[in-house]
Structure formats: structure tokens, C-alpha cells
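Colleague: Quick one: this structure, given as C-alpha cells, is what I'll be asking you about.
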Amino acid sequence: MATAAPLPIPLSQLSRAVTDWVESVRALTQPAGVLWCEGTEAEQRELTSKLIREGELIRLNAEHFPGCHLYRSSPSDVARVEHLTYICTHSKDDAGPNNHWMDPEEAHAKMRELFAGCMRGRTLYVIPYCMGPIDSPLSRCGVEITDSAYVAINMMIMTRAGRAALERIAHDGSFVRGLHSTGELDPNRRFIMHFPEELAIESFGSGYGGNALLGKKCHALRIASWQARTEGWLAEHMLIVGLESPQGETHYIACAFPSACGKTNLAMLIPPASLPGWKVYTVGDDIAWLHPGPDGRLWAINPEAGLFGVVPGTNPQTNRNAYQMIRRDTLFTNVALTADNQPWWEGLTTGIPVTDWQGRPYDPGKGPAAHPNSRFTVSAKRNPSYSPRAEDARGVPISALVFGGRRREVAPLVYEARSWQHGVLVGASVASETTAAAVGQVGVVRRDPMAMQPFCGYNFADYWRHWLTVGAKLSRAPKIFHVNWFRRDAHGKFLWPGYGENLRVLEWVLDRCAGKAGAAESAIGLLPRAEDLDTQGLRIGPESLSALLSVDPALWRKEVTDIRAYLEKYGSRVPPELLAELAVTESRLG
Ligand code: GTP
Ligand code: SPV
Ligand code: MN
């Protein structure tokens, strides 16, 4: 006799800890209704239709961009706000000079005032999510409460959200609490608060990106970096990519570049025709959680399930994979429109923008058509080069770690650190030109250690110490490198073609790991000589190549002085090992 399938337990009964918290937030924020997100496709469609009806989402040209939509954020809410982002630890020194700090009691009181009654007339969405494969011991869970359906839709693409995540939470017993309200989108009433000691996030007044999709930077980096230190692993602003050589050997590398400095592009790189036989597999494009494994290697998972990527610059020439990926089932934020409702952005070689990202008739005198930080949100499964290993509960073993920055001068195309300890200094010394990914001046060089300046949830000095501690546990530690795709000539032109051609540099990196490639010693580390790089089929002049592969002692002596002054800001907490490595570099510079 057939029995009826058991009715699923309502989400609101799965975990008492979650239910109690939702109830306390409901009482504080007083929403008109509460919706627990199951994470189904039907639910995603319903939320999308609701936003279309309310005029918040625009359906894009269904012939060329099926299943795609455009969202326009408030023009004063287009990027992360680092000046309004706080780490709230009991001791100010635990947050460190790298963070804005507020006393937790004071921060809670301030936020309680903002949240009180803020959801009246709105729906409160409960989004249980898992960062990482549902069945991975390396994954960690959270619950975001938000009053933005746009945020809910994004979170459902970016994380493994819904019932399965809540089942895991009920089993794990612990989760990160993320409370978010768009408030009135008033930049003067906007705060992104983190309470690492409580595994809690409170974000008010922004609906955009890293300010509002709390699983991403707030949880997976700021809170997770704190959790990771306690538990002996690393939460990093890194892409993870698998590179299969023409001989069929696959190695995984993880690369930390600051925001809008090329992680997504490198993670889904297209090998140039002149390097036949290489295959590239994306595991992650923004965040890596790295765990020392029982085999002495470092193992990585991508905690995310989607990509929230920079749109401008994406085209079939720079990155065919990315361009293909966002032609279907993609949510665009702050791009321009053509006359027939196709999305348009700077860097496209076809189409004509008629409406800018703010919905105004496009006028080149008023700036770019698409916002420079316009983004696509898309499932990782849409990526033609998505690695099957991205769903592997064990993660992937990492052969090399690569740091990088956007620097028109000083930093060569690539160099290798002398050791793990020196590599930690190389990471701690990263500097990069600021980009549109955060509110503020663009193009000024600032220190961005490990590309984590906006994202490390605790004192950088303690974080560098933790890096040294993790390295000491690895009997088969990855080699550490530094790259710079953004060197320019005297006329401001990029010296290196970048994009797919970056594979040539990664080939050298992998060959160094295998002990197969040559290098020359320099004061700052090991550099390839021109003959060590595979330049077959590459159109680049010998002067450009030698500029890219040289170390200017005068510029580097100044750089060392800057790095020392920067490290000194962290006082006696700075690991002396880093200062010792800096002294070695300095003495070699003469
Ligand atoms: P976030 O999502 O903000 O963390 O950015 P990201 O690090 O993933 O950067 P992304 O790959 O989106 O690239 C940002 C910008 O840099 C885009 O406009 C790219 O077109 C450009 N870019 C990426 N790779 C290269 C490169 O190798 N050379 C040059 N010149 N530009 C690049
Ligand atoms: C970044 O700024 O590094 C991003 C975009 O990846 S956001 O999600 O806004 O942080
Ligand atoms: Mn990023």
C-alpha cells in the first residue's frame, strides 16, 4: 500500500536557536510578515515576479538575455563603504589599526535604535545558508535576516541557501547571525557592524553588494577570519583555479588580489591559442577557506555558490567564458540599457547605450553609461569552466599561493618568495591602486596586505602571526608568489597584455613548484629570466619584457622604507620574523 510522502517540517520548527532569534528580531523590527526561504526555484521565481511588479526589477531582452534582469540601486549606494564598516571587539587592540572599531555595547545600542520598527510594512526574509558544500566539514553556516527581496534573491544565488542549510544548522548547533535592513538608504544612517566574539553581523542603510549580502565579505571573510584563527585555518580573499597542463596534470592555485584587480577573470581564464592543450577549471572567484590537511598540504574550498562579478570590461575578447556565463539567468545591477533592453557596459564593442545605470537618457558628459562597480550575480554552475571539484567536500589541494596588486610601477610581473616566512612578508607588503569596488578615491596606492585590508576581522599583526603558525603546520606548504598584471609604460599603456596571457606566468609558477623552471635571484625574491617564460606566440617587445622582469633598486629601497613604516604602525604585535625578512631584502638591495 502506498503511503503519502511525509509533509516537510516547516522551516520555522527546525532549529530552536534560529526560531528564537528570528522572534526577537521580529519583535524589534516589527515587519508586516515573515518569510522563511526554502531555497527552491519556484520561490526564486516568485520573488523575482514580485520585484518586477513593484518596478524594482526590469526584465531584459528575452531573445538575447533570457532569464536576465536589471536592478538599479540607489545612486548613493553603489559600493562597499569601508569608512562605515566596524569591527566591534571588547578590546580595541584586537580589531587593530587596520579596522574601524566600536565598543560592542555602544554598537549594539546604536544599531538597536536604527533597527527598532524599521521593517514596518515590509516583509522579513529569513535566509538560512551554508558557506561551502553542504556536506563539507570545512563549511560553516549562517542565517541572514533581511527586509530586501533583492538581497534575498542574491543570497539564494551566492550561497547554498534554504532547507538543506537549516537542516545542517539544526545539526551543527552554531551559526553566524546576520541582521540586515536597507533602512532608508540614507548614507548618514548606514553602518556595517561585526561582532566576531558573538559571531554576529548587523548591517543597516545599504542594499548593495558586500554591505548587504552578508554571507560574502561580512561572514565569509571578516567573521570567518576570526573563526579561522580560533580553529587553525585561513579565510582569504582569494580565487581558486585548477590548471591542467597539456600532459594532463592538474594543479590548484589560490590567488589574492584586491577588489576589482582580476580574480574573477583569472579564475575563468581562457588559454591563448599559442598555448595549446591547457585547460582551466574555476573552483572559486573571490573567497577561499584554506585548511591544513592531515597530509601536510593546504586544502581549499570556495564557500560561495555564485559569482558577484564586475561587469565593465567583460567581452568576448577579454573573457569569452564570462561573457557566455552572463547571457542567461543573470541578475545585473547598475548597468546601462540599449534601445531594445539589452544590458550595456563600457568595454562592449557592440550595442549602443540609450539609458544609463541611473535610468536617465545616456549622456556621455555625465560619466560612464554603466557604473564602474556594476555587477552581475550568477550561479557558479553557469560558468562553462566550473570545476566539478568545487562541490568536493574535501576541497582541493593547493600547490601555490599568489598575491598581487594593481601597480603601475615598482612591482614586477612575477616573483617567488624565498620561503613561507618571506612569503608572509610579501603578502603583508601588498600595495594596490584603489578601485570603484569601494566608495572613495580611485587610483591611489594603498597598503592592502593579502588583499584583506577591507576584510580582516581582527588585528593584522595577529593575522600575520597566524599565517606563520599555519605555515609551520604544513610539511608540504605551497610556494608563495607575487604578480602584477598592471604595470604601465611612460604613456600609461599596460606593459603586459593580461587576461588569457596570464597563463604564461602561471605556467612558470607551476613549473617552479615542480622544480622544472629556472629563475634568477634578486633582492626581493626569485624572478624568471626572459628565457624562463614561455613567450611563444606572445606579441611583446623585448624592452617591455625586460621592464616587466626587472627590479629597480632605488624604487625598491623606497618601497622597503614604506613597508617598514607601515609595519611599525602595528607596534610590538608585529611578528619579528617579518621584520627580519624585510632586513634581508633591504641588505640585498645594498
Ligand atoms: P572583485 O569582485 O571586486 O573582488 O574583483 P576581481 O578581483 O574579481 O576583479 P575582476 O576579475 O572582476 O577584474 C576587475 C577589472 O580588471 C575588470 O574591469 C577587468 O576587465 C580588469 N582586468 C582583469 N584582469 C586583467 C588583466 O589581466 N589585465 C588588465 N589590464 N585588466 C584586467
Ligand atoms: C569586492 O569588493 O571585493 C567584491 C564585491 O567582491 S563586494 O561583494 O561588494 O564586496
Ligand atoms: Mn572581492
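Colleague: Quick one: Karplus J couplings for the stretch 330-342, per residue in order, coefficients 6.51, -1.76, 1.60, θ = phi - 60°, nearest Hz, x for Gly and Pro?
Modeller: Result, rounded to whole Hz: 10, 9, 9, 10, 6, 9, 8, 10, 8, 4, 9, 6, 9.
Colleague: Can you tell me the length gained on complete extension of the stretch Glu113 to Lys473, counting 0.36 nm per residue apart and subtracting the Cα distance?
Modeller: So the chain would gain 125.1 nm between Glu113 and Lys473.
Colleague: About the Cα centre of the stretch 306-382, what is the dipole size in debye to 20, counting +1 per Lys and Arg Cβ and -1 per Asp and Glu Cβ, all else neutral?
Modeller: Roughly 320 debye for the stretch 306-382.
Colleague: In whole angstrom, how far apart do the alpha carbon centroids of the stretch 518-556 and the stretch 30-64 sit?
Modeller: Between the Cα centres of the stretch 518-556 and the stretch 30-64 lies a distance of 51 Å.
Colleague: Continuing with this model, one more query. Which value at 222 nm does the chain reach when only helices count, each DSSP H run of 4 or more adding -39,500 (n - 2.57), with the total divided by all residues and rounded to the nearest 500 deg cm²/dmol?
Modeller: Here the helix-only value at 222 nm equals -8000 deg cm²/dmol.
Colleague: For the residue pair Arg588 and Glu197, what label-to-label distance in nm results when each label sits 7 Å from Cα along the Cα-to-beta-carbon direction?
Modeller: Result for the modelled spin labels: 4.2 nm.
Colleague: Can you work out the PRE-style zone for Lys381? Point 7 Å along Cα to Cβ, and I want the residues of the stretch 38-77 with backbone N under 11 Å.
Modeller: Backbone N within reach: 41.
Colleague: Shifting gears a bit: Suppose each label sits 7 Å from its Cα in the direction of the beta carbon; what would the Thr40-Ile9 distance come out to in nanometres?
Modeller: 1.9 nm
Colleague: Using modelled backbone amide H atoms (1.01 Å from N, in-plane), which distant-in-sequence or interchain residues come within less than 5 Å of Ser74's amide H?
Modeller: none
Colleague: Moving on. Express the accessible area of the chain per residue in Å², computed with a 1.4 Å probe while the remaining protein chains stay in the model.
Modeller: Solvent-accessible surface per residue comes out at 38 Å².
Colleague: Once amide H atoms are built 1.01 Å from N in the peptide plane, which residues 5 or more positions from Trp101, or in another chain, come under 5 Å H to H?
Modeller: Long-range HN contacts for Trp101: Ile87.
Colleague: Calculated FRET efficiency, Thr19 and Ala523, Cβ-Cβ r, R0 51 Å, to nearest 0.05?
Modeller: After rounding, the FRET efficiency stands at 0.30.
Colleague: Give, rounded to the nearest 20 debye, the magnitude of the charge dipole that the chain has about its Cα centre when Lys and Arg contribute +1 at Cβ and Asp and Glu contribute -1 at Cβ. Before the final figure, lay out the partial values.
Modeller: Values: 61 positive and 63 negative charges, 85 e Å.
Here the size comes out at about 400 debye.
Colleague: Counting only protein heavy atoms and using a 1.4 Å probe, what share of the accessible area of the chain belongs to carbon plus sulfur, as a whole percent? The partial results should precede the final answer.
Modeller: Numbers: 11650 of 22690 Å².
Using a 1.4 Å probe with all protein chains present, the chain comes out at 51 percent carbon and sulfur.
Colleague: Then there is this: In debye, nearest 20, what is the charge dipole magnitude of the stretch 90-209 about its Cα centre with +1 on Lys and Arg Cβ and -1 on Asp and Glu Cβ, if you could check?
Modeller: The calculation lands at about 460 debye.
Colleague: Which links in Lys217/Lys366; Lys493/Lys558; Lys216/Lys558; Lys366/Lys493; Lys516/Lys558 stretch past 28 Å when you go from one Cα to the other?
Modeller: Over 28 Å apart, Cα to Cα: Lys217/Lys366; Lys216/Lys558; Lys516/Lys558.
Colleague: Related question: Would you mind telling me the antiparallel percentage of the DSSP bridges in the chain, rounded to 5?
Modeller: Looking only at bridges with both residues in the chain, the antiparallel portion is about 65 percent.
Colleague: Modelling each spin label as a point 7 Å along the Cα-to-Cβ direction, I'd like the Arg320/Arg564 distance in nm, to one decimal.
Modeller: Between Arg320 and Arg564, the simple spin-label model gives 5.1 nm.
Colleague: Now, a different point. Taking the dipole about the Cα centre of the stretch 306-382, with the C-beta of Lys and Arg at +1 and of Asp and Glu at -1, give me whichever of Asn319, Pro372, Val354 is farthest to the positive side.
Modeller: Asn319
Colleague: For a Förster distance of 25 Å, can you work out the FRET efficiency between the beta-carbons of Val444 and Asp186, rounded to the nearest 0.05?
Modeller: 0.40
Colleague: Considering only C-alpha atoms, what is the centroid distance from the stretch 212-276 to the stretch 412-444, in Å?
Modeller: Each part reduced to its Cα centre gives a spacing of 15 Å.
The values are calculated or read from the model by the stated rules, or taken from the named source; none is laboratory data. Just so it is clear, the model here is predicted, and its values are computed rather than measured. Ideal geometry is used to build each Cβ from the backbone, glycine not excepted, and the neighbour counts take in all protein chains shown. Ligands, DNA and RNA are excluded from the accessible area calculation, which covers all protein heavy atoms including side chains. Shrake-Rupley method; radii C 1.70, N 1.55, O 1.52, S 1.80 Å.
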